[in-house]
Amino acid sequence: MMEAIAIAKHVEFPPRKVRQLADLVRGKSVETAIDLLRFTNRAAAETMSKTIKSAMHNMVNKKGGSLDVEDIYVKAILVDEGRTLYRIRPRAQGRAFRIRKRSSHIKVIVSLVEGK
């Protein structure tokens with residue numbers, strides 16, 4: 001079975017929020033996944049869509065350029081935790097609170113539909 005992979009590292013969205021999008025499009029065809037993400041009101045939807053498109057183009061290049069988009073589906077999407085940036089927020093009485101700015105790594109695996 002032929003597969004292609006695309007990875008987006010250090011995406012500036014928390015993994016928990018990106019995983020919600022991943023659950024939305026996992027197992028769907030690439031066209032359907034991109035359409036769903038286009039109309040989803042989430043900040044990370046654009047980055048997820050770009051990663052899926054990149055994996056799709058990797059599959060087309062791997063196959064030699066002769067492949068229909070309808071034959072490709074999202075086999076798996078893995079969202080891992082990236083680095084965390086720590087920032088300081090001033091609080092009352094001279095205290096300082098930490099703000100954690102989390103990031104994600106998105107790995108998209110696309111495959112051909114069985115029997116094609």
field: Heavy-atom accessible area order for M1, M48, largest first, 1.4 Å probe
entry: M1, M48
message: Mean-square fluctuation check for the chain, GNM, Cα pairs under 10 Å: which of F97, F13, F39 is largest?
response: F97
message: If I model the chain as equal point scatterers sitting on the Cα atoms and use the Debye formula, what is log10 I(q)/I(0) at q = 0.14, 0.16, 0.20, 0.23 Å⁻¹?
response: -0.59, -0.72, -0.99, -1.20
message: Please give the Cα centre distance for the range 51-97 versus the range 28-48, rounded to the nearest Å.
response: 12 Å
statement: Probe 1.4 Å, heavy atoms of protein chains only: per residue, the accessible area of the chain in Å² is 66 Å²
message: Tell me the accessible surface of E31 in square angstrom (1.4 angstrom probe, heavy atoms of protein chains only), to the nearest ten.
response: 90 Å²
- request: Would you mind getting me the FRET efficiency between E31 and T84? Use the beta-carbon distance for r and R0 = 25 Å, nearest 0.05.
  value: 0.10
- prompt: In terms of Cα to Cα distance under 21 Å, which lysines are near enough to K53, apart from those fewer than 8 places away along the same chain?
  reply: K9, K17, K28, K62, K63, K75, K107, K116
message: So if each residue of separation counts as 0.36 nm, and I subtract the Cα-Cα distance between R100 and V60, what length gain in nm does that give?
response: 10.5 nm
- line: Given the candidates V25, A45, S111, the one whose Cα lies deepest towards the positive end of the charge dipole of the chain, counting +1 at each Lys or Arg C-beta and -1 at each Asp or Glu C-beta, is A45
message: Taking 0.36 nm per residue of sequence separation and subtracting the Cα-Cα distance, how much length would be gained by fully extending the chain between K9 and R91, in nm to one decimal?
response: 26.3 nm
- request: Would you please give the FRET efficiency between N41 and V113, computed as 1/(1 + (r/R0)^6) with r the Cβ-Cβ distance and R0 = 30 Å, to the nearest 0.05?
  value: 0.55
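The values are calculated or read from the model by the stated rules, or taken from the named source; none is laboratory data. Fair warning: this is a prediction, and the values are worked out from it, not measured in the lab. Here Cβ is always computed from backbone atoms with ideal geometry, including for glycine, and neighbour counts include all displayed protein chains. Each accessible area value is taken on the protein alone, full model and side chains, heavy atoms only, with ligands, DNA and RNA left out. Shrake-Rupley method; radii C 1.70, N 1.55, O 1.52, S 1.80 Å.
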